[in-house]
Amino acid sequence: VDYLKYDSCNAFQIPLKWRYERMRNALNETGRPIFFSMCEWGQEDPANWAREYANSWRTTEDIYDAWVSFLDILDRQVEISHLGGPGGWNDPDMLEVGNGGMTTSEYEAHFALWALLKSPLLIGCDLTTMTEDTKRILMNEEIIELNQDDLGKPGVRLWQRQGEHGLYEVWVGELSGNELGVIMFNRGEETTQITVSYEELKWNGQHANVRDLYARQDLGLVAGELRFDVPSHSVKVLRVSQSHKQKSARSQ
């Protein structure tokens, strides 16, 4: 056994911490590493205490394969995302990518945001019937690298704003090597231009190398800000790194 999920179904009022402590101790006594996934559906704010008991903890009730469920669970990560990190991870539940209830662009948003949050990336669809789009999303190693970055620092929502056609927002995550993962997310019903300055991102400098991770395309040296038209219910997922000039100055 490499992974054990322990939920609270039919717990009959047995104290949570008592049960999870006993399971933690039993797993530790096996003498081999076993990832302990704790699930009490976020009812007692486990992000504030569960690190002592488990390697991850569910933060909400079960997700279901719909845009509204994805948004609801995402919004409930905003206040707690910083509480995850190496050794203990917030778990906003399994991925719904490929189950058919959302559009391809919505699944791209779901996967990328879960990756930046450092959520466990558990595939929840039938592996035998995956479409090419589903494979493209779930097997995008550059998005997975955001999730598996050595720094292990979950992304946070930098801001959310109301536009003419709905809400849009920017998420940012620190990465090892003084890099950033940046996600521009358009919740609205029409394409929206989203702009975020390097000052807002707390980026050291006015130039950066930028790569589009879903397009798998280097966008070159970009000055001052990131500005992109983002279609409805879609994301622009970027990796921001130092320019060669910045790297040379830092090494001197």
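The values are calculated or read from the model by the stated rules, or taken from the named source; none is laboratory data. None of these values were measured; they are calculated from a predicted model. FYI the Cβ positions are ideal-geometry reconstructions off the backbone, even for glycines, and counts take in every protein chain you see. Keep in mind that these areas ignore ligands, DNA and RNA; they rest on the heavy atoms of the full protein, side chains included. Shrake-Rupley method; radii C 1.70, N 1.55, O 1.52, S 1.80 Å.
Things to note:
- Stretchable slack from Gln148 to Ile14, in nm (0.36 nm times residue separation minus alpha-carbon distance): 44.7 nm
- Rounded FRET efficiency, nearest 0.05, which uses the C-beta distance separating Trp67 from Glu21 and R0 of 45 Å: 0.75
- Computed from backbone phi, the HN-Hα couplings of segment 36-42 come to 9, 9, 9, 9, 10, 6, x Hz, rounded to whole numbers (Karplus: 6.51 cos²θ - 1.76 cosθ + 1.60, θ = phi - 60°; Gly and Pro given as x).
- Loop-located GluC sites (Glu not before Pro) in segment 193-228, at most 15 other Cβ atoms within 10 Å (DSSP): Glu199, Glu200
- Relative contact order (percent, whole number), the chain, Cα cutoff 8 Å, 6+ residue spacing: 12 percent
- Cα centroids of segment 142-214 and segment 1-53: 33 Å apart.
- If R0 equals 25 Å, the separation of the Cβ atoms of Met139 and Ser197 corresponds to a calculated FRET efficiency of about 0.15.
- Straightening the chain between Asn178 and Thr131 buys 13.4 nm, computed as 0.36 nm per residue apart minus the Cα-Cα spacing.
- Sites Asp45 and Tyr3, calculated FRET efficiency, Cβ-Cβ separation with R0 30 Å, nearest 0.05: 0.80
- Segment Arg76-Asp229, length gained on full extension (0.36 nm per residue, minus Cα span): 52.5 nm
- For the chain, with +1 on Lys and Arg beta carbons and -1 on Asp and Glu, the positive-most of Ala223, Gln193, Asn99 along the dipole: Ala223
- Each residue of segment 159-164 was assigned a 3J(HN,Hα) from its phi angle through the Karplus curve 6.51 cos²θ - 1.76 cosθ + 1.60 (θ = phi - 60°); the sequence is 6, 10, 9, 9, x, 4 Hz, with glycine and proline shown as x.
- Here segment 49-179 carries DSSP beta bridges of which approximately 75% are antiparallel, counting only pairs with both residues inside.
- Checking the cross-link pairs Lys5/Lys135; Lys202/Lys236; Lys153/Lys202 against a 22 Å limit on the alpha carbon distance flags Lys5/Lys135 as lying beyond it.
- Only protein heavy atoms count here; on that basis, with a 1.4 Å probe, Met130 has an accessible area of about 50 Å².
- Each Lys and Arg contributes +1 and each Asp and Glu -1, all at the Cβ; summed about the Cα centre of the chain, the dipole is approximately 900 debye.
- Exposed-site-free run, longest, the chain (rule: trypsin sites (Lys or Arg not before Pro); DSSP loop; at most 11 other C-beta within 10 Å): 1-201
- Counting only heavy atoms of the protein chains and using a 1.4 Å probe, His207 has close to 90 Å² of accessible surface.
- Computed helical MRE - 222 nm, the chain, DSSP H runs ≥ 4 contributing -39500 (n - 2.57), nearest 500: -6500 deg cm²/dmol
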